[in-house]
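Worksheet: the structure to be examined is printed underneath.
The values are calculated or read from the model by the stated rules, or taken from the named source; none is laboratory data. Not measured: the values here are computed from a predicted model. Note that each Cβ is placed from the backbone with ideal geometry, even for glycine, and that neighbours are counted across all protein chains shown.
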Amino acid sequence: MNDVKKCRQCGKENIRPRSPFCSRKCDKLFKYQNRLLNGLCVNCGEKRNRDGSYCLSCNENQKRHYDPEKASLLSKKRRKKAKSEGKCMVCCNNPADEGLTYCGRCRKLAKNRYAKYSVTESHIKKCMLKNAKRRAKDFDLPFDLSLGDIVIPERCPILGIKLKRNKNKPGPASPALDKIVPSKGYIRGNVAVISHRANALKSELTEEMLIKILEYVRRANDV
């Protein structure tokens, strides 16, 4: 008895004599994933841009023929079908991990992409702006900031320590957006980027507490 020929992509029985894939869908999906992993354009196989899935020429062609409404509808339909079949809602091919809607491979890729992007200055500014807008709404404070109003210096203007961007959670030297006069809210001219440690101290300690600490340090040094 001859061994059953299996599809190279999905692993199902393949009755096509000249192809390693059971269908054109599996053929296209294999090429797409292989090109994506090897840094090639998913459309033509040439070297792709640093950011994105297409080369320059294919990217321009995609922009000319792109229909956002149609693309959104197809994406929703594709993800809905994948979810009903227990597949990953990102790649719509691999089985989803237990209790999740995505596979381990897509989770790892997303985690690696975010780890690289999360430490960029543009991402940090966007997060600061988003969080400031949310806090202004929660505490009914004025807000009129834009990305251009947030300037991240090399060092903390209060403590003088070098600001560092952490990949996971904020550290003492991580940049933080501070309201110079808290009652004025998040408005132009009333915000500055300082270190996370300085921001925490400024929030927790009053002027009277700081004076007492300073007096104590001076007395201790005199001794």
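Can you pull out the residues in segment 121-145 that are outside any helix (DSSP H, G or I), exposed (fewer than 13 other Cβ atoms within 10 Å of the Cβ) and either in contact with a strand residue (DSSP E or B) (Cβ under 9 Å, 6 or more places away or on another chain) or not assigned by TED's automatic domain parsing to the domain that holds residue 177 (or both)? Spell out the reasoning first.
If we filter segment 121-145 for residues that are outside any helix (DSSP H, G or I), which is where we start, we get 139-145.
Those still in the list that are exposed (fewer than 13 other Cβ atoms within 10 Å of the Cβ) too: 139-140, 142, 144.
The answer is 142, 144.
Return the residues of segment 167-223 that are loosely packed, with under 13 Cβ neighbours inside 10 Å, at pLDDT 90 or above and in contact with a strand residue (DSSP E or B) (Cβ under 9 Å, 6 or more places away or on another chain); say none if nothing qualifies.
180
For segment 17-51, name all the residues that are under 23 Å from the mean Cα position of the chain (by Cα) and farther than 20 Å from residue 62 by Cα.
Within segment 17-51, 37, 38 meet the criteria.
Would segment 93-115 turn up any residue that is at positive phi, at pLDDT 85 or above and not assigned by TED's automatic domain parsing to the domain that holds residue 170?
First, pick out the residues of segment 93-115 that are at positive phi: 99.
This time we only want the ones that are at pLDDT 85 or above, so: 99.
Next, only the ones that are not assigned by TED's automatic domain parsing to the domain that holds residue 170 stay: 99.
Within segment 93-115, one or more residues are at positive phi, at pLDDT 85 or above and not assigned by TED's automatic domain parsing to the domain that holds residue 170.
With respect to residue 84, determine if the residue is under 23 Å from residue 7 (Cβ atoms) and surrounded by fewer than 10 Cβ atoms within 10 Å (Cβ to Cβ).
Working: under 23 Å from residue 7 (Cβ atoms): yes; surrounded by fewer than 10 Cβ atoms within 10 Å (Cβ to Cβ): yes.
Here the answer is yes, as residue 84 does meet what is asked.
Among the listed residues 28, 47, 77, 12, which satisfies the condition of being surrounded by 10 or more Cβ atoms within 10 Å (Cβ to Cβ), modelled with pLDDT of 90 or more and of a type in the set (Lys, Arg)? So that I can check it myself, show each step before the final result.
Values: 28 fails: modelled with pLDDT of 90 or more; 47 fails: modelled with pLDDT of 90 or more; 12 fails: modelled with pLDDT of 90 or more.
Being surrounded by 10 or more Cβ atoms within 10 Å (Cβ to Cβ), modelled with pLDDT of 90 or more and of a type in the set (Lys, Arg) holds for just one of 28, 47, 77, 12, which is 77.
In this structure, is residue 143 farther than 14 Å from residue 165 by Cβ, aromatic (Phe, Trp, Tyr) and touching a residue at least 12 places away in the same chain (Cβ under 8 Å)?
On the way: farther than 14 Å from residue 165 by Cβ: yes; aromatic (Phe, Trp, Tyr): yes; touching a residue at least 12 places away in the same chain (Cβ under 8 Å): yes.
So residue 143 passes the test.
Please verify whether segment 149-162 includes one or more residues that are in contact with a strand residue (DSSP E or B) (Cβ under 8 Å, 6 or more places away or on another chain), assigned to a strand (DSSP E or B) and on the phi < 0 side of the Ramachandran plot.
At the first step, the residues of segment 149-162 found to be in contact with a strand residue (DSSP E or B) (Cβ under 8 Å, 6 or more places away or on another chain) are 149-159, 161-162.
With the extra rule that they be assigned to a strand (DSSP E or B), the set shrinks to 155, 162.
Subsequent filtering for residues that are on the phi < 0 side of the Ramachandran plot retains 155, 162.
Within segment 149-162 (the criterion being in contact with a strand residue (DSSP E or B) (Cβ under 8 Å, 6 or more places away or on another chain), assigned to a strand (DSSP E or B) and on the phi < 0 side of the Ramachandran plot), the answer is yes, since at least one residue qualifies.
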